Each structure stands twice: as structure tokens, then as C-alpha cells.
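Only one structure is covered here, and it is reproduced in the block below.
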Amino acid sequence: MRKDKKQVIGEEISDDSIKLFLDVEPADDTPPSLHKLVKAYRGLRIDDFEKFLTFFKAAGYDLDAKDAQGQDFIALIQDQRLAEPYVEAVKAAKA
């Protein structure tokens, strides 16, 4: 890293920045709700993902959306090493 660059870890993300993940649309036949969840999972830390889920539900998106193979968000990510807190967050949001 260059000496004039400061490494930023854990910087707060604004609610407006989190809500931008609601704007992403799939380029294929993936259901929009599922696509938005996957993009948010890949781009947000768990605390921000939990906030995202609140906005996601308020906007009327479906936490149970499935792809063409019948897999929902949890099925798609559950075998990934760091997925557990995200899976738990989605389960809590469904309750």
C-alpha cells in the first residue's frame, strides 16, 4: 500500500448506501429478490446486511425467492465458509 493511502477497515456505511443494493437487477432469469439478496450478501458486512434485510422486507421483496433449480438464498450460500451469520439473519427476518 502506498504511504499516502490510509487503510480503511470497518468504515460505517450509510443507510442510503445500503439501500442501493435494492436497485440492482439481474441480467438473466434470476428472480429480482434472490439477486438482490445475493448481491447484498457479497457486498455487505453482517451488521449492514441485517439493516439491508429490514429495507428489503419493507420494500416488499421475497425472502423465499427461488432460482430455476428451486434453490432459495439459504440453499445457495449455506456451504460457504462465512455464510452462517447471514443464514441466521435471513432466518430471523423470516420469523
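The values are calculated or read from the model by the stated rules, or taken from the named source; none is laboratory data. The model shown is predicted, which means the values in this text are computed figures rather than measured ones. Here the Cβ positions follow ideal geometry from the backbone for every residue, glycine too, while neighbour counts run over all protein chains shown.
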By residue number, the members of the range 59-95 that are part of a helix (DSSP H, G or I) and under 13 Å from residue 34 (Cα atoms) are 73, 74, 75, 76, 77, 90
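Within the range 2-43, take every residue that is small (Gly, Ala, Ser) and surrounded by 14 or more Cβ atoms within 10 Å (Cβ to Cβ) and give me the one that is modelled with the lowest pLDDT. If you could, list the steps in order and put the result at the bottom.
Of all residues in the range 2-43, those small (Gly, Ala, Ser) come to 10, 14, 17, 27, 33, 40, 43.
Now drop any that are not surrounded by 14 or more Cβ atoms within 10 Å (Cβ to Cβ), which leaves 33, 40, 43.
Working: 33: 97, 40: 97, 43: 94.
Out of the qualifying residues, it is 43.
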For the range 81-92, the count of residues that are surrounded by fewer than 17 Cβ atoms within 10 Å (Cβ to Cβ) and either modelled with pLDDT of 95 or more or of a type in the set (D, E, K, R) (or both) equals 8
So residue 65, is it of a type in the set (Gly, Ala, Ser) and modelled with pLDDT under 95: no
Residue set 75, 93, 59; condition under 19 Å from residue 18 (Cα atoms), over 13 Å from the mean Cα position of the chain (by Cα) and not acidic (Asp, Glu); output residue 59
